[in-house]
Amino acid sequence: MAMQHENEEYIWGLIARVLSGEATDDEEQFLMGWRQQSPANEQVFRSCERIWMAADKRMGGFDADKAWQQTSRRLHLPDKDLQSGRLRKIVYAVAAGVLVVLATTFFVHTFFNSTTTVIAMETSKQVVLPDGTSVEVNRHSQIEYPRRFSGKIREVKLLRGEAFFNVTHNVSRPFVVTTPVARVRVLGTRFNVWVRSDGDVQVMVESGKVSFQSINSTHEILLVRNESAIFSSRRNQMIKSDMVDWNLLAWKTHRLVFRDAELAYVYDILSRTYGKNIKPDNAVLGYRLTATFDNLSLEDVLKIIDKTFMLQTQSRNDTFVVKRYSAE
């Protein structure tokens, strides 16, 4: 339905009539067609609907007709004018104008105070925050941040999954990553935060210094370059380590380094890195591998491991099954 005579003023008035229950069937049908033209139109209507309902709730059942009758008597307006519809048009024009003001205020407030949610599904996503901080969001992960940072801190929420942060330095406004159970606070650094499937949170620092603490505690630990820590939500315990397993960042770096590593560990890292199920035979888990893989597909890595140890890997229902080679 093309917008012809339905200019903005007409649409606002029509929305006001529909929300007030005064629209005709044709008007309701027309507005429905306008809403279906685009998601933006539907969003406008839904936002107006929320504003209208909130205003109606605050009015507490205010009787508009009764109030108008009292006002018309005070102004000595004849009833025929009220019945003729001329004054109703004025009422709707006023209602539409109020709706425009309310909606404009709502949208301005929403723009400057709303948040942006980024969800990475099957591939990682690169995001640049309002302060210039870059974030790489791993697969099946979700972050939330404001359209603009205000206040004394720059806060980002890691709701699930994992993300690597390269934070723009700002001494006066610390950068904070909040997870469901823990919080990381920095000034400017490069670090990774992983909300694990079991609810624990792991932090690894590539450069700089970060503060790591539970959201329910004031106790914090400091982590510097090549240090990591895990917060166990079940035991309410923070465990710090002076070692970092950089293979855990292979989803971002696309580089895997194994030094005399058991295949049990190798397959676990491959599964995490590439997001695929790998089911090795128990007989091969103790084999040890020394190798470096740069920018290789999972299939290529598995082929190299197969040739190294005389193994067979087959894909079955999105799962890679690994067993010792059989000539049969």
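The values are calculated or read from the model by the stated rules, or taken from the named source; none is laboratory data. Quick caveat: nothing in here was measured; it's all calculated off a predicted structure. All Cβ positions, even for glycine, are placed from backbone atoms using ideal geometry, and neighbour counts span all protein chains on display.
Every residue in the range 211-225 that is touching a strand residue (DSSP E or B) at 6+ places or on another chain (Cβ under 7 Å) and either outside the structural domain of residue 195 (by TED's automatic domain parsing) or over 13 Å from residue 184 (Cβ atoms) (or both), please.
Those that are touching a strand residue (DSSP E or B) at 6+ places or on another chain (Cβ under 7 Å) and either outside the structural domain of residue 195 (by TED's automatic domain parsing) or over 13 Å from residue 184 (Cβ atoms) (or both): 219, 224, 225.
Can you work out which of the residues in the range 16-33 that are among the polar types (S, T, N, Q) and touching a helix residue (DSSP H, G or I) at 6+ places or on another chain (Cβ under 9 Å) is modelled with the lowest pLDDT?
20
Criterion first (closer than 19 Å to residue 161 by Cβ and surrounded by 15 or more Cβ atoms within 10 Å (Cβ to Cβ)) does residue 284 satisfy it?
So residue 284 does not fit the description; no.
Among the candidates 190, 234, 196, single out the residue that is more than 19 Å from residue 163 (Cβ to Cβ) and of a type in the set (Lys, Arg).
234 is the lone residue from the list that is more than 19 Å from residue 163 (Cβ to Cβ) and of a type in the set (Lys, Arg).
Which of the residues spanning the range 212-229 are more than 24 Å from residue 136 (Cα to Cα), part of a loop (DSSP other than H, G, I, E, B) and of a type in the set (Val, Ile, Thr)?
Result: 218, single match.
Of all the residues that make up the range 244-290, how many are within 25 Å of residue 192 (Cα to Cα), basic (Lys, Arg) and touching a helix residue (DSSP H, G or I) at 6+ places or on another chain (Cβ under 9 Å)?
Within the range 244-290, residues that are within 25 Å of residue 192 (Cα to Cα), basic (Lys, Arg) and touching a helix residue (DSSP H, G or I) at 6+ places or on another chain (Cβ under 9 Å) number 3.
So which pairs qualify, if the first residue must be in the range 254-265 and closer than 15 Å to residue 280 by Cβ, the second must be assigned to a strand (DSSP E or B) and of a type in the set (Val, Ile, Thr), the Cβ gap must be under 9 Å, and the two must be at least 6 apart or on different chains?
258/290; 258/292; 261/290; 263/322
Within the range 193-211, is there a residue that is assigned to a loop (DSSP other than H, G, I, E, B) and at positive phi?
Yes, the range 193-211 contains at least one residue that is assigned to a loop (DSSP other than H, G, I, E, B) and at positive phi.
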